[in-house]
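These notes concern the structure reproduced below.
The values are calculated or read from the model by the stated rules, or taken from the named source; none is laboratory data. The shown structure was predicted, so the numbers you read here are calculated from the model rather than taken from an experiment. Positions of Cβ are generated from backbone atoms using ideal geometry, with glycine treated the same way; all protein chains shown enter the neighbour counts. For accessibility, only protein heavy atoms count, side chains too; no ligands or nucleic acids. Shrake-Rupley method; radii C 1.70, N 1.55, O 1.52, S 1.80 Å.
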Amino acid sequence: MARTKTDSLQGSLDLLVLKILSRRPRQHGYAIMAAIAGMSDDVLRAEEGSLYPALYRMEEAGWIRAEWIKNETGRRARVYELTAAGKKQLGAEESRWQAISAAINRVLREA
Amino acid sequence: MSLWSRIGNVFQADKVNREIEEEFEAHIAEAIAQGRDPEEARRAFGSALRQREMSHAIRVLGWLENFLQDSAYGVRSMLRSPALTMVALLSLALGIGANTAIFSLLDAVMLRSLPVKDPAQLVLLGTGTASGKTDDFARTELYSYPFYRQLREKNQVFSDTAAMCSMTNAVHGFVEGRTDSEPMNVKLVSGTYFTTLGVRAWKGRTLNDADDNSEGDHPVAVISYAWWKRSLARDPNVLNRELKLGNMIYNIVGVAPPEFFGTKVGEAPDMWIPLSMIKEVPPNFGGYRDNFSESLFILARLKPGVSSTQATSNVNLLFRQILLGFPDAELSQENRRELDKAQVPLTPMATGLSSLRRQFSEPLQILMAVVALVLLIACANIANLLLARSTARARELAVRQALGARRTRLIRQLLTESLILALFGGALGVAFASAGNRLLLRMISGGPETIPLNVSIDLRLLAFALAVTVATAILFGTIPAFRSTRLELTNTLKAGRGPQDTLRKNRLARVLIVSQVSLSLVLMVGAGLFLRSLVNLDKIDTGFNRENVLRLEIDSSSAGYKPGEPRAIALDQEIEERVSALPSVRAASFSAFTFHEGSWGSNVVVPGTNIGQSVDVKHNVVGDGYFATMQIPLLRGRSFSPSDTSTSQRVAIISEHLAKVLFPLGNPLGRHYGLGDDKPENDVIVVGIAKNVKFGELAEDPVNLDYFPYTQRPWDFGDFEVRYTGAYAPIAAAVQQTIHSIDRNLPISKVTTLDEQVARTLTNQRLVAQLCTFFGVLSGFLSCIGIYGLMSYVVSRRTNEIGIRMALGAARFTVGWLVIRETLWLAVVGIAIGIPIALGGSRLVSDMLYGFRGADPASLAAVVMLLLLVALFAGYFPARRASKVDPMVALRYE
């Protein structure tokens, strides 16, 4: 199956990360990456090179917050969770996505 | 939140980096645990360094971090070349410090608003330039108390009106409980003074209108904060303390706030007393009820919404109304004409009154220009030094650009280094400025007492200093920054340098040196001009002999002597006799004025003519020994003698100039004239003619002057002069002892010499001359360093070339001469440019110069010689170094 270019994630990486964290709070970076790949049946893939900058950016913007915990294996991990502002941002992003995809669908139908 | 955390992260850069590292490692470990290939997992991250850089950049405030890095780098590189840094810092500190100090003085004297409420709404009737007491009709400068009362009542444009005495009462009063009197400066003001100004008391209360509404029975005083601190040691019980001034006891009812010093800049009264007490406070001016005893300034606060034109017309209307309404107004034709002509101007009082301002406004502006030039020279110096240093770093910058650094990034770094240098210099400069301020205040005070002017550094001045600093940094930093980053990479990276590069840089450096030399020339010529003017003024013949004369003030009215009383006259005569009898005393006398102490003026009437009507004659009231004490030659007739008593014929001695004016034909001796009018009690007969003397200023034209004996004309405050031989200190002590042996309570003050008093009138000329000389020398020094720096650099760059020349047979002397020739050429060009500027500048200040028009060829030539010598000296050492170059070493030098 042809792999969708990860460029297609550009605008929506934020959206996906926020959504995932809203469903499953307190995930570390690897888990988020795995979740994106898993839930989309490997169609969408977030590369490490773009995931972490996005995570840091969203953290600085105040949509997610991070802390260091000790996980089951005893090693330290940095986990992220959604903030109140992030929840609001998620709602905004989602409606934006709906609007854009509906518009594109309309064009595809008409044209 | 995010901005603060990003700023915070700048200072925790290591911690941030470690965290990122750790998170990436955890991610990779997790991937391995999930079964991915470790190598592949790492590769998926991409370049670890790049990842970290990107993440770091997101979490950290970029430009702040860059700024801190550049600053640290700048400081380190400055420390690596300490001599250069020291010179740069010192010249910056001097330039910025001088600018700040002069500006703070300018601010205090000319710009600062009074520390009162809404100073912009305050106006003064008249221009505030006259002070004293007069009874002239239709004077617009000074007003009487009844006039003030009527104006206050009848005007429609002022929300409040106040009056204050134009003179300050210098009283020797007693703080209740102390046996010795102390000098106090008292200002008599209306009860509405503080309310009009909007000033609240710091302790107790200020004066109010009720304190002023009846004569003589409101003995209260508001003291200044400074006096409370100085004389009462901030006694918390101050409101129960009392003062004795003259014959009355005054209650202290309040203390003024610390920043309030009154309404005249440069004068700070110790206390304010209501005008109702004007007859009681020594020297008992009086006139509370007199319609025409005019000695007060009137100031007022405009009603909101009233323009100054409206106020002016209302005031002028009332002026006429009130004056014509006075029952004792002399409505002669002359007076009516004066009234018609009179126009009362309303002067804004936002910055207060000041005689300092008139005296110093032009010198201060000149000094401001001078220090600005000095700063420019300092900047040129530093720019040159930075240029030289940047060439040494050309390789480093080229490498960085080759590795991908953007040009703007490098420029930003170089500018940051300049800014750091400038900020350090600015901080040092502010420290210099606060020391310089005190020095300047001492210099403009002239005499033994410092003028009470607040020149401390405040926010405005710091802002000014900062602005100057940043402007300086931009001025000397930008050009080197741009120049040194515009590189041809290949040429620079190669060993040795392309000739193009050196040539371009040298041109800029030379331009800077030339401009430094020309500015130095301008400053030095200016200094020479002011020095010459000062010397000219100092050499003026005053008419009297100013050497070896002791002069002091005796405040007899504070000790209870009323002027004109036989008791007071007898006291004066006894003092004169006893002091004249002292060994080493040649003569002694009282007088109303000696030199530059104000005057008492009026017109005179020559019977049978109308010659003296429009002539302003200054009068002096003196003792018999005055002319001997001051050594003023009597050209004709006689001096005063004991035969001139209070009952004998009234006599006068007139000056040469006055004799020519009043009695152009025939012998003036024995002629009569009237003082002010032709009433018999004002008639005097001329018994002597004295040589012309300088009375008010050294540079004045001959003055109409006449003298009366104090037995015939009462005078209250006066000077006592003693001509002595030998040393000053023992005589000063002996004279004071003698005076006190006659009456222990006589307060003596302002003990000094006549010479010092005359010298004091040259304060502002001396200030300008001294400071210009200092800055002229400083600029010469800076130019010297600049030339030395440039020539050293040139020599070191051309060492290769010098080696070749020598190897080909050039003599050592020729090589040295090359350098010297270049130095002289730079100096000559600078001088040639500077001369027309200096000549133009001297034309601008010609009205401040005494005795000559502008720069003369002799002094110009002297300055040129001096500058050439400086240039030679600066160039000598590099020339010597060039001539000592070993060709073998030089040829291998890169």
*With respect to A:R57, is the statement that it is part of a strand (DSSP E or B), within 13 Å of chain B (Cβ to nearest Cβ) and at pLDDT 85 or above true?*
no
*Can A:A84 be described as surrounded by fewer than 18 Cβ atoms within 10 Å (Cβ to Cβ), within 14 Å of chain B (Cβ to nearest Cβ) and hydrophobic (A, V, I, L, M, F, W, C)?*
yes
_Would you confirm, using the coordinates I've provided, whether B:R36 is assigned to a loop (DSSP other than H, G, I, E, B) and either facing another protein chain (nearest Cβ under 10 Å) or open to solvent by 40 Å² or more (accessible area, probe 1.4 Å) (or both)?_
yes
*Take A:L82 and decide whether it is modelled with pLDDT under 90 and of a type outside the set (S, T, Y).*
no
*Can you tell me which residues in the stretch A:36-50 are within 13 Å of another protein chain (Cβ to nearest Cβ) and not polar (S, T, N, Q)?*
A:A37, A:G38, A:R45, A:A46, A:E47, A:E48, A:G49
*Scanning for something small (G, A, S), within 14 Å of chain B (Cβ to nearest Cβ) and touching a residue at least 24 places away in the same chain (Cβ under 8 Å), does the stretch A:19-29 turn up at least one residue?*
yes
*asked:* Testing B:A827 on (1) closer than 25 Å to B:D886 by Cβ; (2) surrounded by 20 or more Cβ atoms within 10 Å (Cβ to Cβ), one condition comes back false. Which one is that?
replied: (1)
*Among the residues of the stretch B:450-480, which ones are free of Cβ contacts under 8 Å to residues at least 60 places away in the same chain, closer than 17 Å to B:S418 by Cβ and small (G, A, S)?*
B:A467, B:A471, B:A473
*Would you confirm whether any residue within the stretch A:60-80 is facing chain B (nearest Cβ under 9 Å), surrounded by 14 or more Cβ atoms within 10 Å (Cβ to Cβ) and in a helix (DSSP H, G or I)?*
yes
*asked:* Pairs needed: first member in the stretch A:68-79, β-branched (V, I, T); second member anywhere, open to solvent by 100 Å² or more (accessible area, probe 1.4 Å) and not in a strand (DSSP E or B); C-beta distance under 7 Å; at least 6 residues apart or different chains.
replied: A:V79/A:R26
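Pick out the one residue from B:A311, B:A221, B:A226 that is within 14 Å of B:V189 (Cα to Cα) and either of a type in the set (A, V, I, L, M, F, W, C) or not in a helix (DSSP H, G or I) (or both).
B:A221
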*If B:M86 passes every condition in (1) open to solvent by 30 Å² or more (accessible area, probe 1.4 Å); (2) within 11 Å of chain A (Cβ to nearest Cβ) but one, which one does it miss?*
(2)
*May I ask you to list the residues in the stretch B:357-378 that are open to solvent by less than 10 Å² (accessible area, probe 1.4 Å) and touching a Gly at 6+ places or on another chain (Cβ under 9 Å)?*
B:V371, B:V374, B:I377, B:A378
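Condition check ((1) at positive phi; (2) surrounded by fewer than 14 Cβ atoms within 10 Å (Cβ to Cβ); (3) within 11 Å of chain A (Cβ to nearest Cβ)) across all residues:
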residue: B:L3; (1), (2), (3): no, yes, yes
residue: B:A13; (1), (2), (3): no, no, no
residue: B:E19; (1), (2), (3): no, no, yes
residue: B:E22; (1), (2), (3): no, no, yes
residue: B:A26; (1), (2), (3): no, no, yes
residue: B:A31; (1), (2), (3): no, no, yes
residue: B:R42; (1), (2), (3): no, no, yes
residue: B:S47; (1), (2), (3): no, yes, yes
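Working carefully through the options B:T645, B:T629, find the one that is in contact (Cβ under 8 Å) with a residue 12 or more places away in the chain and buried (at least 16 other Cβ atoms within 10 Å of the Cβ).
B:T629
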*Can you tell me which residue within the stretch B:49-76, out of those that are over 16 Å from B:E21 (Cα atoms) and within 14 Å of chain A (Cβ to nearest Cβ), is most open to solvent (accessible area, probe 1.4 Å)?*
B:G62
*Residue, least open to solvent (accessible area, probe 1.4 Å), within the stretch A:30-51, restricted to residues that are touching a residue at least 12 places away in the same chain (Cβ under 8 Å) and acidic (D, E)*: A:E48
*Taking B:A652, is it surrounded by 21 or more Cβ atoms within 10 Å (Cβ to Cβ) and under 27 Å from B:A130 (Cβ atoms)?*
yes
*So which residues in the stretch B:152-180 are part of a helix (DSSP H, G or I) and in contact with a strand residue (DSSP E or B) (Cβ under 8 Å, 6 or more places away or on another chain)?*
B:R152
*Just checking, how many residues over the stretch B:204-234 are open to solvent by less than 50 Å² (accessible area, probe 1.4 Å) and among the charged types (D, E, K, R)?*
2
*Condition broken by B:A882, with the remaining ones in (1) over 16 Å from B:G786 (Cβ atoms); (2) assigned to a helix (DSSP H, G or I); (3) open to solvent by 20 Å² or more (accessible area, probe 1.4 Å) satisfied*: (3)
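Give the residue, chosen from B:S308, B:S295, that is closer than 29 Å to B:F260 by Cβ and open to solvent by less than 50 Å² (accessible area, probe 1.4 Å). Working first, answer last.
Working: B:S308 fails: open to solvent by less than 50 Å² (accessible area, probe 1.4 Å).
Just a single option satisfies the conditions, and that option is B:S295.
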